[in-house]
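The values are calculated or read from the model by the stated rules, or taken from the named source; none is laboratory data. As the structure is a prediction and not an experimental result, all values here were calculated from the model. Cβ atoms come from the backbone with ideal geometry, glycine included; neighbour counts cover every protein chain shown. The protein model used for the area step is the full one, side chains on, heavy atoms only, and it has no ligands, DNA or RNA in it. Shrake-Rupley method; radii C 1.70, N 1.55, O 1.52, S 1.80 Å.
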Amino acid sequence: MGASGIALRRKEPYTRVLLKLSGEALAGDAGYGIDTEVLKVIAGEIKEIHDQGVEIGIVIGGGNIFRGVKGATEGMDRASADYMGMLATVLNCLALQDVLEHQGVHTRVLSAITMQELAEPYIRRKAVRHMEKKRVVIFGAGTGNPYFTTDTTAALRAMEMACQVVIKATKVDGVYTDDPHKNPKATLFKELTYIEALKLGLKVMDSTAISLCMDNKLPIVVFNMSQHGALKRVIRGEALGTLVH
C-alpha cells in the first residue's frame, strides 16, 4: 500500500480501458520477433473482456523488433532511431489486429504517422467513435514524435479516449522494490502513489507517462499478463498486481 494508507481498489468493473503491451510480450521466450502462439493467447484474453462489453484501446511497444534507444547509443541519430521504432510498433499492431480479427473481434489500427494503405490516420474523434461502436482500437506509431515512449503514448491516448485506467501488462506480478528475477528478496507493492513511483525510480512507466497520469488523476494498474484470466480479474476491479494512484 502506498504512503497514503488508503485502499482505492475499484468496487465496480471498468468499462473503458487502455491496455499497454510491451513489444517483448509478443516475442515470447525468443525475445525478438513475433510468436504467433503467444499472440493468440493475448488476443484470447482481450476477446474475453471485449465480449463482456468493455471498450478497449491498445498501445503496443516495438522493442521486439527495434529498440530506438539502443540504436542511438550505437551512433544512430536518436530521432531517426525513434522513427524506426514507431514503424516497428505498426508491425506489431497489424499482427495483433490480424489475430483478433480471426477470433471474431472487430478492430481498427490508427497510426500517428500517415500510412493510409495500412492503417487509418489517428483522429481523436474517430477513435472515440470506434470505441463507442465496440471496436478494439489499436494505436500505432507512438505519438508520431521522437523522444516520446509508448508508455507516454499509452497515458496520452488513455486521456484522449477518456479511459478509466491504464493497464500495463508485464511478465511479473506487478511493481517490485527490485528486479524479482535477479533479487529473490524483492517485495511486491500492492499500491503506490505517483510521487512514490517517481521518487523511488521504480520501473512502472517512464517519468513523463507517470506525470501525465498524476496530473490527470488517471490510475495505472501493473499486472502479469501471462497468468490466464488475469486481465479479466483486473477489469473486474480485483486487487491484482500493483495500483498506482
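Brief remarks on what is shown
- Condition met for residue 202 (modelled with pLDDT under 85 and open to solvent by less than 30 Å² (accessible area, probe 1.4 Å)): yes
- Only residues that are of a type in the set (Val, Ile, Thr) and either more than 13 Å from residue 136 (Cβ to Cβ) or not in a helix (DSSP H, G or I) (or both) were counted across region 44-54, and they come to 1.
- Filtered residues of region 173-185 (kept if surrounded by 18 or more Cβ atoms within 10 Å (Cβ to Cβ) and in a loop (DSSP other than H, G, I, E, B)): 174
- When we screen 143, 150 for residues that are buried (at least 23 other Cβ atoms within 10 Å of the Cβ), polar (S, T, N, Q) and touching a helix residue (DSSP H, G or I) at 6+ places or on another chain (Cβ under 7 Å), the only hit is 150.
- Counted residues, region 207-234 - those being outside any helix (DSSP H, G or I), of a type outside the set (Val, Ile, Thr) and at negative phi: 9
- Residue that is surrounded by the fewest Cβ atoms within 10 Å (Cβ to Cβ), among those in region 104-132 that are basic (Lys, Arg) and in contact (Cβ under 8 Å) with a residue 24 or more places away in the chain: 124
- Residues that are of a type in the set (A, V, I, L, M, F, W, C) and assigned to a helix (DSSP H, G or I), drawn from region 24-43: 25, 26, 27, 30, 38, 39, 41, 42, 43
- Among the residues of region 77-103, those identified as open to solvent by 10 Å² or more (accessible area, probe 1.4 Å), aliphatic (A, V, I, L, M) and either under 16 Å from residue 150 (Cα atoms) or within 16 Å of the chain's Cα centre (by Cα) (or both) are 79, 84, 86, 87, 91, 94, 95.
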